[in-house]
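Structure first, then comments.
Any read-out appearing in this document is the output of simple, stated calculations on the displayed coordinates, not a laboratory observation. Keep in mind that this is a model prediction, so the values were computed, not measured. Glycine also receives a Cβ, built like all others from the backbone with ideal geometry; neighbour counts cover every protein chain displayed.
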Amino acid sequence: MKLYVTDRNGTVHEIQGEDELQLMEAIRDADLPIKAECGGSCACATCHVYVDPACKAMVGEADEDEQDMLDLAFELTENSRLSCQIVLGPQHDGLKVTLAPGSEID
Amino acid sequence: MSDTQDSAPQKTDAIIVGAGPVGLFAVFELGLLDVKAHLVDILDRPGGQCAELYPEKPIYDIPALPYCTGQELTDRLMEQIKPFDPVFHFGQMAEKLERTQDDTAWRLTTDAGTVLEAPVLIIAAGGGSFVPKRPPLQGIEEYEGKSVFYAVRKMEQFRGKNILIAGGGDSALDWTAALQPLAESLTLVHRRDEFRAAPATVNEMRALVEAGKMELKIAQLAGLEGENGQLSAVRLKDSEGEVFTQPCDTLLAFYGLTMKLGPVAEFGLNLHENLIPVDTEKFETSTPGIFAIGDINSYPGKLKLILSGFHEAALMAQQAFHIVYPDKKLRFQYTTSSSALQKKLGVA
């Protein structure tokens with residue numbers, strides 16, 4: 001599946017996703033900068049992304065654990081998600097997301 | 001085990017920077033070889049990432065432990081290393097490294113002024129020091145330590161202040177309850193009207209709001225106003241995107257911790273992409289006598305697994321022994337059969 005990731009500089013990258021991979025892992029494996037310091041266990045909020053409003057139905061809603069962790073992120077919008085909590089499947093082909101502040105590697 | 005803060009150097013055999021699982025297990029491997037250790041960690045307790053990020057999260061890949069949490073792993077390691085009586089220096093960051101004047105040992109100074117001296121230094125610092133997350137607000141650096149804080153050291157400092165507390169976890173709610181009686185005014189700001197903090201403290205906060213003793217704003221931080229490091233107000237953005245100004249002279253922001261490498265980067269260890277290259281025989285860095293084990297090192301084929309760090313600790317300890325006891329022969333022994341090792345473990 002194809003995914004479109006806008007980095008913190010505004011550049012759009014077309015990357016490849018795979019079933020059962022976390023969106024965070026797909027972004028990291030494509031060598032795009034994403035901090036994700038807890039390694040994908042919903043424990044740090046440094047893989048924060050904005051899901052394109054047109055794609056919201058593809059990813060569903062954040063659960064309570066993810067909402068709690070989003071409390072530790074900044075500049076949240078109604079499209080905020082933690083990319084480690086989106087597990088890719090066929091429904092995500094064409095998903096567009098933007099890396100959010102706080103996801104940068106320092 | 002004691003935690004002393006003293007400017008007179010404390011001498012030991014090995015200094016371990018980082019009290020995460022790998023730093024803790026290094027105490028065990030060193031201890032079997034009669035190498036005593038002091039540990040320095042910026043957190044106030046052992047466990048590193050296991051304590052800070054994953055205390056309740058499951059770990060499934062520790063050999064012979066099909067399942068445990070980060071906290072259980074930490075607790076078990078603490079039990080395992082108890083016979084070796086390590087000395088912990090918690091809540092301190094390893095800040096400065098130099099050779100002693102007689103060139104026989106490393107001298108490590110922490111940001112709390114503790115001075116440690118040992119012939120062996122082991123960096124087991126994982127992803128770096130846990131430091132508070134800084135809200136991405138323009139110019140926030142100039143307010144830090146003057147009117148913007150990420151921790152409360154002395155409550156008295158906040159008496160009579162107009163305080164804005166940001167966050168929705170235990171730190172934010174606990175300090176809201178504790179500082180409200182001292183403050184001239186207190187406002188809690190959180191992005192949603194739900195709190196992950198302990199329900200009792202949340203109820204306490206709601207009662208204070210009900211009684212008109214403090215305010216609760218559902219909004220996010222959007223900007224700072226003030227001059228020369230002194231806040232006069234914080235700009236907040238509500239869920240509709242409306243920005244409004246909240247007058248205050250103190251901001252306490254509690255958004256958890258993040259890892260930063262910190263002063264270790266200045267230790268002259270040829271860092272590559274924030275990792276310390278080591279050999280795979282002794283896990284020694286480019287500087288003899290300084291080792292790096294666990295997530296912070298790099299070598300061909302490196303996997304950032306706790307079990308890899310344990311292996312690295314065992315091999316590192318062999319070389320550490322030769323540095324601490326240059327004239328002694330090292331005999332390889334098993335804990336199962338060696339009464340000498342069993343004595344050290346206190347089981348013989």
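Among B:G139, B:V17, B:Y325, flag the residue with its Cα farthest along the positive direction of the charge dipole of chain B, charges on Cβ as +1 for Lys/Arg and -1 for Asp/Glu.
Looking along the dipole axis, the top candidate is B:Y325.
Within 10 Å of each Cβ in A:33-45, how many Cβ atoms from other chains are there, averaged over the peptide?
4
Within straight cross-link reach of B:K328, meaning Cα distance under 16 Å, which aspartates and glutamates are found once same-chain residues fewer than 8 apart are removed?
The reachable aspartates and glutamates, counting only those whose Cα sits under 16 Å from B:K328, are B:D13, B:D34.
With springs connecting C-alpha atoms under 10 Å apart, model chain B as a Gaussian network and identify which of B:D238, B:D102, B:D34 has the largest mean-square fluctuation.
Checking each option, the largest mean-square fluctuation is seen for B:D102.
How crowded by other chains is B:202-212, given as the mean number of beta carbons from other chains within 10 Å of each beta carbon?
Mean partner-chain Cβ count within 10 Å for B:202-212: 0.
What does the charge count near B:A37 come to, summing +1 for each Lys or Arg and -1 for each Asp or Glu among other residues with Cβ under 14 Å from its Cβ?
With Lys, Arg at +1 and Asp, Glu at -1, the neighbours total -2.
Using r as the Cβ-Cβ distance of B:A178 and B:V131, and R0 as 30 Å, what FRET efficiency do you calculate, to the nearest 0.05?
0.85
Starting from the Cα of A:E104, move 7 Å in the Cα-to-Cβ direction to define the label point; list residues of region A:47-83 whose amide nitrogen is under 14 Å from there.
A:74-75
Taking A:K2 as the anchor, which lysines have their alpha carbon closer than 26 Å to its alpha carbon, excluding any fewer than eight residues away along the same chain?
A:K35, A:K56, A:K96
Using the Cα centre as the reference, give the magnitude of the dipole from point charges on the C-beta atoms of the protein assembly as shown (Lys, Arg: +1; Asp, Glu: -1; all else neutral), rounded to the nearest 20 debye.
Rounded to the nearest 20 debye, it is 1100 debye.
Please report, in debye to the nearest 20, how large the charge dipole of chain B is about its Cα centre when each Lys and Arg carries +1 at its beta carbon and each Asp and Glu carries -1 there.
Result for chain B is approximately 540 debye, rounded to the nearest 20.
What three numbers, in Å, describe the spread of the alpha carbons of region B:244-309 along their principal axes, ordered from the longest?
59, 26, 17
Any chance you could check the Cα centroid distance between region A:58-90 and region B:112-140 for me, in angstrom?
That distance is 29 Å.
Starting from the Cα of B:K329, draw a straight line to each of the lysines and keep only those under 27 Å, dropping any in the same chain fewer than 8 residues away.
B:K11, B:K36, B:K82, B:K282, B:K343, B:K344
About the Cα centre, and with charges only on the beta carbon of Lys, Arg (+1) and Asp, Glu (-1), how big is the dipole of region B:126-237? Nearest 20 debye, please.
140 debye
Using only the alpha-carbon atoms of the protein assembly as shown as identical scatterers, what base-10 log of I(q)/I(0) does the Debye formula give at q = 0.08, 0.11 Å⁻¹?
-0.54, -0.97
For the protein assembly as shown, what proportion of DSSP beta bridges, expressed in % and rounded to the nearest 5, is antiparallel?
Taking every DSSP beta bridge within the protein assembly as shown, about 50 percent pair in antiparallel fashion.
Place +1 on the Cβ of every Lys and Arg and -1 on the Cβ of every Asp and Glu in the protein assembly as shown, take the dipole about the Cα centre, and give the residue among B:Q220, B:P300, B:F195 whose Cα lies farthest towards its positive end.
In the protein assembly as shown, that residue is B:P300.
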